[in-house]
Amino acid sequence: MAVAPCFIDLLDHFFCYGPKIMPFMKNLLNLGPRFGFCQNHVLLCYSPFCLRSKVLLGQNLEKKRILSLLSQKIDDICKKQRVLFSSFLFVSEFDNFLMENLQNFGYLKFPGPTTLYLDVQWSNFEDYLKSLKHKTRSNIRREIKKCAENGVTIEEREFGDLSAKLSELISNLSSKYAKNATNFFDSIFFSKLSEYAKDKTKVFIAKKNNEIVGFSLSLLQADILDVFMCGFKYDAQTITDFTYFNLCYYAPIQWAIEEDIKKNILQT
């Protein structure tokens with residue numbers, strides 16, 4: 001009838017992305033195990049690494065009643081495992097159901113990180129460019145041109161046979177910002193995604209000298225295209241080839257326009 005994914009926040013995502021009005025909270029949690037009153041981690045209610053808090057509900061159900069039962073169960077888990085609090089960290093502004101009802105179960109509302117989205121309302125990419133300010137329009141055209149002049153091509157691809165390569169590229173991205181970062185998206189992740197959700201994914205790759213040097217992967221749900229992840233081979237790029245912008249912005253926007261997608265979201 002319903003699913004509410006939750007996990008113990010061992011990597012402290014709450015303190016990376018959550019509200020900053022409680023700077024003492026982490027110190028308090030660190031005292032918890034020492035004195036035995038709580039764990040030093042919180043319970044987060046979303047699928048790991050998706051930046052989306054969502055309760056999946058069946059059709060024609062008493063949604064408020066089900067959410068109440070799920071909330072009670074989450075509270076029970078917190079009590080049994082000595083978790084001080086739970087958090088729906090990434091509730092979308094478009095999710096009216098969660099926005100309106102979570103506060104009835106004791107959750108406090110805080111502003112979260114901004115996710116970029118674009119309402120797609122143009123018949124072609126040129127019309128989209130014409131809707132922008134002159135300087136922005138000129139920059140985009142220049143970056144698309146520079147990408148091609150640097151020998152980088154952007155292609156749509158089926159990614160079933162690219163699982164190992166995509167895992168390698170996103171690992172490069174993780175390592176760039178955290179030296180000992182764990183790569184949670186191994187080749188099996190991409191293989192399973194291709195096997196079970198091929199019609200819900202869209203992959204663009206960047207090639208240079210016949211080598212794949214970058215990719216972006218989007219998730220498609222109804223008429224929403226969500227640019228979910230990207231990865232790169234950094235030693236094959238230059239600061240003037242603009243591979244990131246072409247992969248994560250221009251190619252997905254152009255495809256969304258062509259496929260009559262209504263909203264394009266970027267969380268990379």
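Residue by residue, here is whether (1) within 21 Å of the chain's Cα centre (by Cα); (2) free of Cβ contacts under 8 Å to residues at least 24 places away in the same chain holds:
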position	(1), (2)
66	no, no
70	no, no
116	yes, no
121	no, yes
125	no, no
139	no, yes
153	no, no
165	yes, no
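If only one of 82, 65, 142, 137 is assigned to a loop (DSSP other than H, G, I, E, B) and of a type in the set (Lys, Arg), which one is it?
After ruling out the rest, the residue left standing is 82.
Take segment 232-248 and flag every residue that is crowded, with 21+ Cβ neighbours inside 10 Å and touching an Asp or Glu at 6+ places or on another chain (Cβ under 9 Å).
If the condition is that a residue be crowded, with 21+ Cβ neighbours inside 10 Å and touching an Asp or Glu at 6+ places or on another chain (Cβ under 9 Å), then 241, 242, 246 are the ones that fit.
When the residues of segment 13-43 are filtered to those that are assigned to a loop (DSSP other than H, G, I, E, B) and among the aromatic types (Phe, Trp, Tyr), which remaining residue is modelled with the highest pLDDT?
My answer is 37.
Just one of 206, 164 is among the small types (Gly, Ala, Ser), more than 16 Å from residue 216 (Cβ to Cβ) and in the same structural domain as residue 246 (by TED's automatic domain parsing); which is it?
After ruling out the rest, the residue left standing is 164.
What is the one condition in (1) farther than 28 Å from residue 223 by Cβ; (2) part of a helix (DSSP H, G or I) that residue 182 does not satisfy?
Residue 182 satisfies every listed condition except (2).
Take the residues in segment 186-232 that are out of contact with any strand residue (DSSP E or B) (no Cβ under 6 Å at 6 or more places or on another chain) and among the basic types (Lys, Arg), then tell me which one is modelled with the lowest pLDDT.
198
Is one or more of the residues making up segment 77-93 loosely packed, with under 13 Cβ neighbours inside 10 Å, out of contact with any His (no Cβ under 6 Å at 6 or more places or on another chain) and more than 23 Å from residue 25 (Cβ to Cβ)?
Yes, because at least one residue in segment 77-93 is loosely packed, with under 13 Cβ neighbours inside 10 Å, out of contact with any His (no Cβ under 6 Å at 6 or more places or on another chain) and more than 23 Å from residue 25 (Cβ to Cβ).
Please list, ordered by first then second residue, the pairs with beta carbon atoms under 8 Å, 6 or more apart or interchain, first in segment 170-187 and β-branched (Val, Ile, Thr), second modelled with pLDDT of 85 or more and part of a loop (DSSP other than H, G, I, E, B).
So the pair list comes out as 170/185.
Looking at (1) at pLDDT 95 or above; (2) exposed (fewer than 11 other Cβ atoms within 10 Å of the Cβ); (3) more than 30 Å from residue 32 (Cα to Cα), can you tell me which one residue 96 breaks?
(1)
Among the strands (runs of 3 or more DSSP E) contained in segment 191-268, which hold 3 or more residues that are more than 18 Å from residue 168 (Cβ to Cβ) and among the hydrophobic types (A, V, I, L, M, F, W, C)?
In segment 191-268, 224-232 are the strands (runs of 3 or more DSSP E) which contain 3 or more residues that are more than 18 Å from residue 168 (Cβ to Cβ) and among the hydrophobic types (A, V, I, L, M, F, W, C).
Report yes if residue 181 is of a type in the set (A, V, I, L, M) and modelled with pLDDT of 90 or more, otherwise no.
No: the conditions fail for residue 181.
Considering segment 106-129 alone, what residues qualify as being surrounded by fewer than 14 Cβ atoms within 10 Å (Cβ to Cβ) and touching a helix residue (DSSP H, G or I) at 6+ places or on another chain (Cβ under 7 Å)?
109, 113, 124
Given the residues 232, 242, which is the only one that is touching a Phe, Trp or Tyr at 6+ places or on another chain (Cβ under 8 Å), in the same structural domain as residue 152 (by TED's automatic domain parsing) and farther than 17 Å from residue 156 by Cβ?
Result: 232 is the single residue among 232, 242 that is touching a Phe, Trp or Tyr at 6+ places or on another chain (Cβ under 8 Å), in the same structural domain as residue 152 (by TED's automatic domain parsing) and farther than 17 Å from residue 156 by Cβ.
The values are calculated or read from the model by the stated rules, or taken from the named source; none is laboratory data. Please read these numbers as outputs of a predicted model, since none were measured by experiment. Using ideal geometry, Cβ is built from the backbone for each residue, glycine included, and neighbour counts are taken over all protein chains shown.
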